[in-house]
Amino acid sequence: MMTTFLGIVLFLLLHHETKIPSEAETTAISLTAPSPETACPYCGSHHLIKNGSIHNGKPKRLCKDCGKQFVDAPQNQPVSATTKHLVDDLLLERISLRGITRVTAVSWDWLQQYVNQKLASIPRQVKVSAKSRGRLTIACDEMWSFVERQKNTVYIWLAIDRDTREIVGCFMGDRTRQSARQLWASLPPVYRQCAVAYTDFWQSYEQVIPANRHRAVGKETGETNHIERLNNTFRQRLSRLVRKSLSFSKK
Ligand SMILES: [Zn+2]
């Protein structure tokens, strides 16, 4: 056990040490790359003039043919589509943003801005397939996570349809009755009108869900298994939801 651990540490150290000089080598090569006969990366023209320099002193050039400016042998290439696909896949695994930057060598700022864009493009409305009035059963549960900036615990309230396994309601907030009400309000009307709701014994539900359709049950009954299993899956996939970890969200 101890030797395996030492082996891993040694491997990491060696790997790290061999990695640094190779990086230095590549930059040295790109710095001494031939500059006199540079062509415009946009139109291939050689009709270039000097055009000041960027923050680190590297000269900028202006193409007299297409009017675009560029830097010789730029070190920061735009992130390739392949890397973006890899980042997309990694974001779905339980890896921190820092971890992803280490693996893909994208900058942390770029990644954070990429994630923010992804988030902004996701529709806020839960899509639910059309339901006929009739026997509908939902299960509700709350799952907590920690958000550093708010210095407190945030609860993710979810409701799933027990037959179709669809998420039919969602709310994020504290653990009060107000939040339970918001979860109830997020449900499509057909569920609010006729669904039977299974929940745990948390008292907030009692005052929100109509008593004749509310079943507060303990975990041992198995009635809320699906939703608890779902929350479990989320915790497996999202490091931010793992209880004993340091990778909590800042926002
Ligand atoms: Zn050009």
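The values are calculated or read from the model by the stated rules, or taken from the named source; none is laboratory data. Quick caveat, the model's predicted, so the values are computed rather than measured. Note: ideal-geometry Cβ built from the backbone for every residue, glycine included; neighbour counts use all protein chains shown.
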request  = Tell me which of these Arg102 doesn't satisfy, since it passes every other one: (1) farther than 30 Å from Ala216 by Cα; (2) in contact (Cβ under 8 Å) with a residue 24 or more places away in the chain; (3) surrounded by 11 or more Cβ atoms within 10 Å (Cβ to Cβ).
outcome  = (2)
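Residues in region 95-110: is at least one at pLDDT below 80 and of a type in the set (Ser, Thr, Tyr)?
Scanning region 95-110 turns up no residue that is at pLDDT below 80 and of a type in the set (Ser, Thr, Tyr).
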Inter-residue pairs, beta-carbon under 8 Å, first of a type in the set (Asp, Glu) and in region 46-65, second within 13 Å of the ligand (Cβ to nearest atom), 6+ apart = Asp65/Cys40; Asp65/Cys43; Asp65/Ser45; Asp65/His47
note = Of the residues in region 111-141 that are out of contact with any Ser or Thr (no Cβ under 8 Å at 6 or more places or on another chain) and charged (D, E, K, R), the one that is modelled with the highest pLDDT is Lys118
key: Residue that is nearest to the ligand (Cβ to nearest atom), among those in region 72-83 that are surrounded by 13 or more Cβ atoms within 10 Å (Cβ to Cβ) and either of a type in the set (D, E, K, R) or under 24 Å from Tyr114 (Cα atoms) (or both)   = Asp72
request  = Return only the number of the condition from (1) closer than 30 Å to Ile54 by Cβ; (2) in contact with a Pro (Cβ under 6 Å, 6 or more places away or on another chain) that Thr83 does not satisfy.
outcome  = (2)
Members of region 53-66 that are over 39 Å from the mean Cα position of the chain (by Cα) and on the phi > 0 side of the Ramachandran plot = none
inquiry  = Given (1) free of Cβ contacts under 8 Å to residues at least 40 places away in the same chain; (2) touching a Cys at 6+ places or on another chain (Cβ under 9 Å), identify the lone condition not met by Pro78.
reply    = (2)
query = Can you tell me which residues in region 46-68 are away from the ligand (no atom under 13 Å from the Cβ) and small (Gly, Ala, Ser)?
reply = Gly52, Ser53, Gly57
